[in-house]
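Okay, structure first, notes after.
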Amino acid sequence: MSTDPYSMAQDPYSVSPHGEGPYRTSPYGEPVPAGTTSALRIVWIYPDLLSTYGDRGNMLILGRRAQQRGMPVELIEVRSDQPLPTTADIYLLGGGEDGPQALAAQRLIADGGLHRAVAQGSVVFAVCAGYQLLGSSFVAKGTTCAGLQLLDLHSDRGPSRAVGELAGEIDPRLGLPPLTGFENHGGRTHLGPDAAPLARVTTGIGNDGATEGAWRGKLLGTYSHGPALARNPALADLLLRWATGTSALPPLDDTWSDRLRAERLAATRAA
């Protein structure tokens, strides 16, 4: 038996690699016959390259919060040697080291599937290296690499590594409480006029010490780990609302995450 705490055997969700099985898989492994139920499809892009900092948790949080509201959910892992499906509702990108980040960019550009999905209105949530990939360029191992050009931004190397708690006041247009997370990156990200900052930094570095993350339409990027959606459940619900076209979702009991948020935000204020 696997001792991996993240093994599928211990996972409350059935996660099927893209293209496996003639059926959708819902939480707790119950088959949902294709064509009979419209499942919310959540794709985790390239877990073999971009999965350094526990960002897989973002997929599980989205799946769980959707399932608790009665939505059937299909969680799909797409590795870097597989074509990216273009009809999913939410696409997730995680953090990674320079080499895997550069390889992920090359393969996503060649594949073209994420661009087609975005053109069709899909939601994209990207963290750290994945966030940098959405821009026009980033630096990996001293080399400037082409990004996906989905957000108006570019990233380069900062004077020092940003490591520690990250907090900020989120763009009021998104209607969300303060952002909390943990950052660990060496980059600095510069936004163009067509990308809005996700938040104004109150603790940490984020993009450049003043702003953190970026968003446009249904694309959103951040340097926040934690995982980000575990520490920011309202942000998870925003992504679900974007994906489902719903203006409001039934409330959930967020007692434990509220306690975590209060503790971490208090710690940043006391620092």
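Is it the case that some residue within the stretch 94-102 is in contact with a strand residue (DSSP E or B) (Cβ under 8 Å, 6 or more places away or on another chain), within 30 Å of P250 (Cβ to Cβ), buried (at least 21 other Cβ atoms within 10 Å of the Cβ) and of a type outside the set (K, R)?
There is at least one residue in the stretch 94-102 that is in contact with a strand residue (DSSP E or B) (Cβ under 8 Å, 6 or more places away or on another chain), within 30 Å of P250 (Cβ to Cβ), buried (at least 21 other Cβ atoms within 10 Å of the Cβ) and of a type outside the set (K, R).
Can you tell me how many residues within the stretch 237-259 are at pLDDT 95 or above, closer than 18 Å to M59 by Cβ and of a type in the set (S, T, N, Q)?
1
Can you name every residue in the stretch 77-92 that is closer than 19 Å to Q120 by Cα and in contact with a Lys or Arg (Cβ under 8 Å, 6 or more places away or on another chain)?
If the condition is that a residue be closer than 19 Å to Q120 by Cα and in contact with a Lys or Arg (Cβ under 8 Å, 6 or more places away or on another chain), then P85, T86, T87, A88, D89, I90 are the ones that fit.
Can you pull out every residue in the stretch 50-69 that is at pLDDT 95 or above, assigned to a loop (DSSP other than H, G, I, E, B) and surrounded by fewer than 24 Cβ atoms within 10 Å (Cβ to Cβ)?
Q68, R69
Which of the residues belonging to the stretch 108-131 are surrounded by fewer than 18 Cβ atoms within 10 Å (Cβ to Cβ) and either basic (K, R) or closer than 19 Å to A146 by Cα (or both)?
I109, A110, D111, G112, H115, R116
Among the numbered criteria (1) buried (at least 19 other Cβ atoms within 10 Å of the Cβ); (2) at pLDDT 95 or above, which single criterion is violated by A234?
It is condition (1) that A234 fails.
Taking the criterion of being without any contact (Cβ under 8 Å) to a residue 12 or more places away in the chain, part of a helix (DSSP H, G or I), under 23 Å from R69 (Cα atoms) and out of contact with any Asp or Glu (no Cβ under 6 Å at 6 or more places or on another chain), would at least one residue in the stretch 218-229 satisfy it?
Looking through the stretch 218-229, none of the residues is without any contact (Cβ under 8 Å) to a residue 12 or more places away in the chain, part of a helix (DSSP H, G or I), under 23 Å from R69 (Cα atoms) and out of contact with any Asp or Glu (no Cβ under 6 Å at 6 or more places or on another chain).
Among the residues of the stretch 260-271, are any more than 22 Å from R64 (Cα to Cα), small (G, A, S), at pLDDT below 95 and assigned to a loop (DSSP other than H, G, I, E, B)?
yes
So which residues in the stretch 142-195 are surrounded by 20 or more Cβ atoms within 10 Å (Cβ to Cβ) and out of contact with any strand residue (DSSP E or B) (no Cβ under 7 Å at 6 or more places or on another chain), if there are any at all?
Across the stretch 142-195, the qualifying residue is only L148.
Condition check: touching a Pro at 6+ places or on another chain (Cβ under 6 Å) and surrounded by fewer than 22 Cβ atoms within 10 Å (Cβ to Cβ). Does S247 satisfy that?
No, not satisfied.
Suppose we filter the stretch 103-135 for residues that are without any contact (Cβ under 8 Å) to a residue 40 or more places away in the chain and either of a type in the set (A, V, I, L, M) or touching a Gly at 6+ places or on another chain (Cβ under 6 Å) (or both); how many remain?
Going through the stretch 103-135 one residue at a time, the tally reaches 4.
Please list, ordered by first then second residue, the pairs with beta carbon atoms under 8 Å, 6 or more apart or interchain, first in the stretch 246-271 and closer than 14 Å to G226 by Cα, second assigned to a helix (DSSP H, G or I) and among the basic types (K, R).
S257/R231; L260/R231; R261/R231; R264/R231
How do the strands (runs of 3 or more DSSP E) wholly within the stretch 134-176 filter down when requiring 3 or more residues that are closer than 17 Å to A199 by Cα and under 19 Å from the mean Cα position of the chain (by Cα): which remain?
153-170
Of these, R107, R173, R116, which one is more than 19 Å from L220 (Cα to Cα) and at pLDDT 95 or above?
When all the criteria are applied, what remains is R107.
Can you tell me how many residues within the stretch 195-216 are touching a Lys or Arg at 6+ places or on another chain (Cβ under 6 Å) and closer than 12 Å to Y131 by Cβ?
Of the residues in the stretch 195-216, 1 are touching a Lys or Arg at 6+ places or on another chain (Cβ under 6 Å) and closer than 12 Å to Y131 by Cβ.
The values are calculated or read from the model by the stated rules, or taken from the named source; none is laboratory data. This structure is a prediction, so every number in the text was calculated from the model and none was measured. For neighbour counting, all protein chains shown are included, and Cβ atoms are generated from backbone atoms with ideal geometry for every residue, glycine included.
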